[in-house]
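All remarks here apply to the structure that follows.
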Amino acid sequence: MNITAFEYNDNIIVVDCGIAFPEDEMLGIDLVIPDVTYLKDNVDKVKGIVLTHGHEDHIGALPYVLRDVNVPVYGTKLTLGLVENKLREHNLLKSVKRKCITPGQTITLGSFKVEFIRTNHSIADAVALAITTPAGVVIHSGDFKVDYTPIHGEPINLQRFAELGRKGVLLFMADSTNVERKGYTMSESTVGESLDDIFLDSEGKRIIVATFASNVDRVQQIVWAAQHFNRKVVVEGRSMVNVVKTAMELGYLKMPENTMIGVEEINRYKDGQLVIITTGSQGEAMAALSRMASSNHRKIEIKAGDRIIFSSKPIPGNEKTVSRVIDDLYRKGAEVICEDTHVSGHAMQEELKLLHTLVKPKYFIPVHGEYRHLKKHAELACKMGMKEDDVFILTSGDVLELDKSGGQITGRVPAEQILVDGLGVGDVGNIVLRDRQKLSQDGLLIVVVTLQKQTGQILCGPDIISRGFVYVRESEDLMLEARNVVKNALEQCHKKRITDWSKIKGVVRDALRDYLWAKTKRSPMILPIIMEV
């Protein structure tokens, strides 16, 4: 959920606008978007949104944010192509201005000049930003690594970083994701060699490769291997189909003629003539590979002898779901390959040291990663000669004021997580989540009773409906006694002349909760419903 605002006087520019994916306790939530209250309150100051690359955690929230903060969007060709897919789905394509930028180009947005510097990442067209302000130059690395043999485009423009470093950089903000890993990140091109070895060893077998849909360079290498070994390519999974289509249209993916076929044509070819490129490398329940593994895919069924390649590493937190999918694949007789088919898209320690040496900033902010990564990157910067007082570790919402004489955190802006559930944006908050968690853990009891309006006497009930608490047919004694507890509570209210519905419901809820806890050591959600006649 990357999003950063830079402000000088009455000018604001925004770098990236991403989503986060829901954590386990966010039951039913589809995705998480940033709180842009500050931008909405200052919309007249916002000059534009500048994008570093096309991954979901950097562009995914744009359709939601642009509804309230409709400003021009600037990005490279592939990045904007992926953004336009999202805007089209949300009927925003005509109303949002977009400006395609090439690496090396500089644009002016109010008080800011933004230069796009070519970098390498696990998606093509990634850039760093050199933001020239009246206070000094800010360099934002975006997600990056140093790749001297990239699949698409040219290597990272280290020369430009060095030139900016010589002129003087006020602030450096750099990717911290791989700061704990020593050495250098392997080139993306090394994956192609591993794929060739696997394809060579898979004669007569069907190959299924699961990877991130946005990793166009990885898809390209799979396509090249398929071409070399005379295999047809099938692309499966909604996001994979969309990205491949966009990348082919924009020239970032070269698909040899007559190589790609539709999923409905699979049965016309032998297993040894097919490669299926699919989503689901992170074990997502609705992704194509997960549905194949659980026999829920309508057109592709896993069979003995299939070779499944996981061309990605599990994102922290996804290990269990990935393991579950792998187990299901093995049960069907498939062979699963997870090693040597993936390289990271993020810089490791030596690459980070290289950029720090070239940029030589006055101040530094580690970005992108968990808090431990930011802390480790701050320590690395200090080892490179920076003073501790010149390194700032920020949390979401912090306001850092900076000039050549010094910097300090001076306040906070709203930075809550906005939860998206279906078409609802922000209508599910902590209270609703807490209710969902309670329902998932202990279930629900609904108590229905009909009272006479004038006297308060019980005319019907109480009836108790259980959902997710106990199986009623096997707990008849418990439910019968629970009814008696509710009846006694209602009679006590009648004797004390309590007629307020909310108070009656409170008495019923407390009495039933105490009884159920004593009997079961469980505390279901209790929902009393009172009707008067």
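The values are calculated or read from the model by the stated rules, or taken from the named source; none is laboratory data. These numbers were taken from a predicted model, which means no experiment stands behind them. A quick note on method: Cβ atoms are made from the backbone with ideal geometry, for glycine too, and the neighbour counts reach across all protein chains shown.
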Please give the number of the condition VAL420 fails out of (1) closer than 30 Å to PRO528 by Cβ; (2) touching a strand residue (DSSP E or B) at 6+ places or on another chain (Cβ under 7 Å); (3) at pLDDT below 80; (4) buried (at least 16 other Cβ atoms within 10 Å of the Cβ).
(1)
Out of everything in segment 231-251 that is modelled with pLDDT under 95 and in a loop (DSSP other than H, G, I, E, B), what residue ends up being nearest to VAL216 (Cα to Cα)?
GLY251
How many residues does segment 240-267 contain that are more than 24 Å from ARG298 (Cβ to Cβ) and within 29 Å of the chain's Cα centre (by Cα)?
10
In the set THR108, THR76, which member is in the same structural domain as VAL36 (by TED's automatic domain parsing) and either within 24 Å of MET240 (Cβ to Cβ) or not aliphatic (A, V, I, L, M) (or both)?
THR76
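Can you tell me which residue within segment 449-479, out of those that are hydrophobic (A, V, I, L, M, F, W, C) and under 29 Å from ARG436 (Cβ atoms), is nearest to the chain's Cα centre (by Cα)?
PHE469
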Is there any pair with a first residue in segment 176-190 that is part of a loop (DSSP other than H, G, I, E, B) and a second that is among the aromatic types (Phe, Trp, Tyr) whose Cβ atoms are under 7 Å apart and which are 6 or more apart or on different chains, and what are they?
SER187/TYR148
Could you list, in sequence order, all residues of segment 193-223 that are part of a helix (DSSP H, G or I) and either closer than 16 Å to THR278 by Cα or assigned by TED's automatic domain parsing to the domain that holds GLU89 (or both)?
LEU195, VAL216, ASP217, ARG218, VAL219, GLN220, GLN221, ILE222, VAL223
Taking first residues from segment 229-256 that are at positive phi and second residues anywhere that are assigned to a loop (DSSP other than H, G, I, E, B), the pairs with Cβ under 7 Å that are 6 or more apart or on different chains are GLY237/ALA213; GLY237/THR279; GLY237/GLY280; GLY237/ALA287
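Just to be sure, is GLY369 in contact (Cβ under 8 Å) with a residue 24 or more places away in the chain, under 30 Å from GLU388 (Cβ atoms) and not in a helix (DSSP H, G or I)? Even if it seems obvious, please write down each step before you answer.
Values: in contact (Cβ under 8 Å) with a residue 24 or more places away in the chain: yes; under 30 Å from GLU388 (Cβ atoms): yes; not in a helix (DSSP H, G or I): yes.
When the stated conditions are applied, GLY369 passes them.
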When you check GLY136 against the structure, is it under 30 Å from ALA334 (Cα atoms) and more than 24 Å from the chain's Cα centre (by Cα), yes or no?
no
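Select from segment 491-513 the residues that are surrounded by 12 or more Cβ atoms within 10 Å (Cβ to Cβ) and acidic (Asp, Glu) and write down the one among them that is farthest from ILE464 (Cα to Cα). Working first, answer last.
Pass one, segment 491-513, residues surrounded by 12 or more Cβ atoms within 10 Å (Cβ to Cβ): 491-494, 498-499, 501, 503-513.
Filter once more, so that each one left must be acidic (Asp, Glu): 491, 510.
Numbers: GLU491: 17, ASP510: 15 Å.
For segment 491-513, the residue satisfying everything is GLU491.
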Unmet requirement for ASN11, which otherwise passes all of (1) surrounded by fewer than 23 Cβ atoms within 10 Å (Cβ to Cβ); (2) more than 24 Å from ARG412 (Cα to Cα):
(2)
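Quick grid of which residues meet (1) assigned by TED's automatic domain parsing to the domain that holds ASP143; (2) more than 20 Å from the chain's Cα centre (by Cα):
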{"residue": "SER295", "(1), (2)": "no, yes"}
{"residue": "PHE310", "(1), (2)": "no, no"}
{"residue": "LYS313", "(1), (2)": "no, no"}
{"residue": "GLU319", "(1), (2)": "no, no"}
{"residue": "GLU350", "(1), (2)": "yes, yes"}
{"residue": "THR357", "(1), (2)": "yes, yes"}
{"residue": "TYR363", "(1), (2)": "yes, yes"}
{"residue": "LYS383", "(1), (2)": "yes, yes"}
{"residue": "SER396", "(1), (2)": "yes, no"}
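Out of curiosity, is HIS342 closer than 28 Å to THR119 by Cα, surrounded by 13 or more Cβ atoms within 10 Å (Cβ to Cβ) and in contact with a Pro (Cβ under 6 Å, 6 or more places away or on another chain)? Steps first, please.
Details: closer than 28 Å to THR119 by Cα: yes; surrounded by 13 or more Cβ atoms within 10 Å (Cβ to Cβ): yes; in contact with a Pro (Cβ under 6 Å, 6 or more places away or on another chain): no.
Answer is no for this residue.
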Only one residue in HIS342, HIS346 is under 20 Å from the mean Cα position of the chain (by Cα), over 22 Å from GLU284 (Cα atoms) and part of a loop (DSSP other than H, G, I, E, B), so which one is that?
HIS346
Taking segment 480-528 and the residues there that are closer than 27 Å to ILE431 by Cα and in a loop (DSSP other than H, G, I, E, B), the one that is farthest from the chain's Cα centre (by Cα) would be ASP500
Exception for GLY165 within (1) among the small types (Gly, Ala, Ser); (2) assigned to a loop (DSSP other than H, G, I, E, B); (3) more than 28 Å from SER239 (Cβ to Cβ) falls at (2)
